[in-house]
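Chemist: Handing you a structure now.
The values are calculated or read from the model by the stated rules, or taken from the named source; none is laboratory data. Everything numeric here is computed off the predicted structure, so don't read it as measured data. All Cβ positions, glycine included, derive from the backbone under ideal geometry; neighbour counts span all protein chains shown.
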Amino acid sequence: MRNKLAAIAILGAAVAATSAQAEDIRIGVIAGFSGPGTSYGIGIRQGAEMAVKEINAEGGIDGRKLELVVVDDGSNPGQSVTAMQRLINDKVDLIVGGWGSSQVLAAMEPAERAGMPYVVVGASNPRITTEKNKWTFRVLQSDTLQAEEVADIALKRLGLKRIAVIHDANDYGVSNRESFVARMKKLGVDPVEVQVYQTTDKDFTAQLTRIRASNPDGLAIFGTIPAAPAIMNQAREIGIKAQFLGTTGIANENLITLAPKASEGTIFATMFHEDVDPEARKWSDRYVKAFSGGSQPPRPVLAAWEYRAIKFIVAPCLKKAGTDKDKFRSCLTTWKGRIFGLPNEAYFDKTNHLVQQSVIVQVGGGEFRAYKGDK
């Protein structure tokens, strides 16, 4: 009888283990699928869908399928907190996504309290990755590094002398302005004019009129779609001929759609370009083919980082550590590897920020092109 009970217990444990093994791994995705961040959110969702489809087609993670739980935060910080809490309450295993520094800074607080792994792909404010944030990881360059690199290009390579700045009043715009201006001053140059606007503004005549009076040869625009292309269009309309500069906020294909002539020649730091290496080009071609003809156009820039984060960072750690949150987090802290579109091996530093090289691109001929050098 004792042997029989033992056999039943072993059988029960085996059935339980098989049942647990078959459970889907649930990945939450937060982004703006409405509001001003919609065009960025579309790319994030497409990248996640592509990565999960491929991983599941290959057998999932040790036989467990990945399931996406996608939540719209309306491109709004308050709604982003609500979206994060919903995913925490729904007991997802981890979250990959997030667009907009203000949204992510708000949403990461409940994630940190709950011990929820949060891999950020679309927000660059330096405060997102600090040593006090245990559960939040970021896979793109911070505003500080991007803005400093763009300042170096403007002053050292392009030889610009009179640079004006216009920036969004949100966390992204302010941190870029601070880093860009600080780097300019370190190189011995002060901006000739600095102007600010609100994210939802549509008319920038007052700010641009003041900028025009400063006679700039460069204009750094630290904002996102749709404000950034509107600023470019209005700047050209009132006669500002300055070289446009920026960072990852304008790394959105809608920049060219909304400002086809005015955006020509713009130089900015971004997180992906298909011509960095052959693998990046192959992925981009597959991605565009997969999402062309749908209700939303392909958006490679943010899709690339969502895809790469899930495929090359999250999936290997899930395979190694499973869904135990502490073990998964520990795996992320020690992760290092090669990812297409990055020239060198990447790894997370002690603040959970992925160390990598920026990608500099220039708008030319109605497309984003890898920046080759001076004008």
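Chemist: How about the stretch 140-187: which of its residues are modelled with pLDDT under 95 and among the aliphatic types (A, V, I, L, M)?
Modeler: Within the stretch 140-187, L140, L145 qualify.
Quick grid of which residues meet (1) in a loop (DSSP other than H, G, I, E, B); (2) in the same structural domain as M50 (by TED's automatic domain parsing):
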position	(1), (2)
W283	no, yes
A304	no, yes
R308	no, yes
K327	no, yes
P343	yes, yes
K372	yes, no
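Chemist: Going by the structure shown, is S295 of a type outside the set (D, E), assigned to a loop (DSSP other than H, G, I, E, B) and surrounded by fewer than 14 Cβ atoms within 10 Å (Cβ to Cβ)?
Modeler: yes
Chemist: Working only within the stretch 67-102, note down all residues that are buried (at least 22 other Cβ atoms within 10 Å of the Cβ), part of a helix (DSSP H, G or I) and either of a type outside the set (S, T, Y) or in the same structural domain as T247 (by TED's automatic domain parsing) (or both).
Modeler: A83, M84, L87
Conditions tested, residue by residue: (1) assigned by TED's automatic domain parsing to the domain that holds A303; (2) modelled with pLDDT of 95 or more.
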| position | (1), (2) |
| --- | --- |
| I8 | no, no |
| A13 | no, no |
| A16 | no, no |
| V29 | yes, yes |
| G35 | yes, no |
| T38 | yes, no |
| V52 | yes, yes |
| A57 | yes, yes |
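Chemist: Taking the stretch 314-337, which residues are in contact with a helix residue (DSSP H, G or I) (Cβ under 8 Å, 6 or more places away or on another chain) and more than 15 Å from D93 (Cα to Cα)?
Modeler: Once the filter is applied, which keeps residues that are in contact with a helix residue (DSSP H, G or I) (Cβ under 8 Å, 6 or more places away or on another chain) and more than 15 Å from D93 (Cα to Cα), the stretch 314-337 yields W335, G337.
Chemist: Can you tell me which residues in the stretch 196-211 are of a type outside the set (V, I, T) and surrounded by 19 or more Cβ atoms within 10 Å (Cβ to Cβ)? Steps first, please.
Modeler: Quick first cut of the stretch 196-211, residues of a type outside the set (V, I, T) only: 197-198, 201-204, 206-208, 210.
Correct list: Y197, F204, Q207, L208.
Chemist: Another question about this same structure. Is the stretch 121-137 home to any residue that is surrounded by 24 or more Cβ atoms within 10 Å (Cβ to Cβ), more than 17 Å from the chain's Cα centre (by Cα), assigned to a helix (DSSP H, G or I) and in the same structural domain as G28 (by TED's automatic domain parsing)?
Modeler: Within the stretch 121-137, not a single residue is surrounded by 24 or more Cβ atoms within 10 Å (Cβ to Cβ), more than 17 Å from the chain's Cα centre (by Cα), assigned to a helix (DSSP H, G or I) and in the same structural domain as G28 (by TED's automatic domain parsing).
Chemist: I've got another one for you. Which one of the conditions (1) in contact with a Ser or Thr (Cβ under 9 Å, 6 or more places away or on another chain); (2) farther than 24 Å from G28 by Cβ; (3) not aromatic (F, W, Y) does A321 fail to meet, given that it meets all the rest?
Modeler: (2)
Chemist: Only one residue in P260, P216, P229 is modelled with pLDDT of 95 or more, crowded, with 22+ Cβ neighbours inside 10 Å and not in a helix (DSSP H, G or I). Which one?
Modeler: Step by step, each of P260, P216, P229 is checked, and only P216 is modelled with pLDDT of 95 or more, crowded, with 22+ Cβ neighbours inside 10 Å and not in a helix (DSSP H, G or I).
Chemist: Then there's this: Take the stretch 150-190 and flag every residue that is small (G, A, S), part of a helix (DSSP H, G or I) and closer than 17 Å to T266 by Cβ.
Modeler: Once the filter is applied, which keeps residues that are small (G, A, S), part of a helix (DSSP H, G or I) and closer than 17 Å to T266 by Cβ, the stretch 150-190 yields A151, A154, G173.
Chemist: Among the residues of the stretch 50-65, which ones are touching a residue at least 12 places away in the same chain (Cβ under 8 Å), outside any loop (DSSP other than H, G, I, E, B) and farther than 16 Å from V119 by Cα?
Modeler: Within the stretch 50-65, M50, E54, I55, I61, R64 meet the criteria.
Chemist: With the requirement that a residue be without any contact (Cβ under 8 Å) to a residue 40 or more places away in the chain, within 19 Å of E279 (Cα to Cα) and not acidic (D, E), what does the stretch 334-345 give you?
Modeler: Selection gives K336, G337, R338, I339, N344.
Chemist: Also, quick follow-up: Filter the stretch 191-205 down to the residues that are free of Cβ contacts under 8 Å to residues at least 40 places away in the same chain and assigned to a loop (DSSP other than H, G, I, E, B) and list them by number. If you could, list the steps in order and put the result at the bottom.
Modeler: First, the residues of the stretch 191-205 that are free of Cβ contacts under 8 Å to residues at least 40 places away in the same chain: 191-198, 201-205.
Scanning the stretch 191-205 gives P191, V192, Q198, D201, K202, D203, F204.
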